[in-house]
Every structure is written in structure tokens, then in C-alpha cells.
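Accompanying notes for the structure given below.
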Amino acid sequence: MGTSAIVMMCIACIGLWGGCGVALAIMMKHNKQKRNQGKQ
């Protein structure tokens, strides 16, 4: 594999896992807000 292919693969992996992480963070925040509203 060439250097450019490895660099593109790393960028794609960071984008994929970063997107998953952001989605999980939003989901956790949303669930926490839902729980707090249910207690009131």
C-alpha cells in the first residue's frame, strides 16, 4: 500500500469513529435530559 492510501485510510477511520463518538455523546445527553424531565 502506498503512503497516500494509508493516510486516506487513517482519515476515514478517524471520521468513522469520530462520528460514532459524537452520535453516542448526543444520545447520552438526550437520555440524561429525558430522565431529568421525568423526575420533575
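Taking the criterion of being of a type outside the set (D, E, K, R) and outside any helix (DSSP H, G or I), would at least one residue in region 6-24 satisfy it?
no
Looking at this structure, is ASN31 loosely packed, with under 10 Cβ neighbours inside 10 Å and not charged (D, E, K, R)?
It is false that ASN31 is loosely packed, with under 10 Cβ neighbours inside 10 Å and not charged (D, E, K, R).
Examine region 27-37 for a residue that is at pLDDT below 95, assigned to a helix (DSSP H, G or I), basic (Lys, Arg) and under 16 Å from the mean Cα position of the chain (by Cα), and state whether such a residue exists.
Yes, that holds for at least one residue.
The values are calculated or read from the model by the stated rules, or taken from the named source; none is laboratory data. Since we're looking at a predicted model, the values are computed, not measured. Here Cβ is always computed from backbone atoms with ideal geometry, including for glycine, and neighbour counts include all displayed protein chains.
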